[in-house]
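Structure first, then comments.
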Amino acid sequence: MSKCKEAEHLLFKYNALLLSLPKRSMPRRTRENELRLTKKISEEPAYIEIRQITNAINRLNSDQREVLLAKYVTRRKRTNIEVYMTIGWSESHYYRLKKAALEAFLVAYEVECSQEKLVFM
């Protein structure tokens, strides 16, 4: 599986995992477009993965976060055209940034997973 496809798979999974959270525990967007978990979530595997993915998204620069949040972390599925038209970027700029964001997200997620393992050792 390519890195971009793997990252997309994780983000789709994240969106599905968020549905298992109580509404009061859903991540909130800050002004800087970061995600902040509002309540301490339990140590169940699904919640640990939510925290890891949230932290990985927050490690990205603001443009990368904006692309991933607009495309993958939404209540309804959005097309690429909708996303880049809404953000106001050109098509080519959007696709370059989306690819870079997905690759950077995957690296950040792997870092989060390795740090989590170090904490529990």
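Does segment 99-106 contain any residue that is over 13 Å from the mean Cα position of the chain (by Cα), assigned to a helix (DSSP H, G or I) and surrounded by fewer than 19 Cβ atoms within 10 Å (Cβ to Cβ)? The answer is yes; a qualifying residue exists.
Looking only at residues in segment 83-97 that are over 22 Å from residue 30 (Cβ atoms) and in contact (Cβ under 8 Å) with a residue 12 or more places away in the chain, the one that is surrounded by the fewest Cβ atoms within 10 Å (Cβ to Cβ) is 95.
Coordinate-derived values only; no laboratory data. These numbers were taken from a predicted model, which means no experiment stands behind them. Note: ideal-geometry Cβ built from the backbone for every residue, glycine included; neighbour counts use all protein chains shown.
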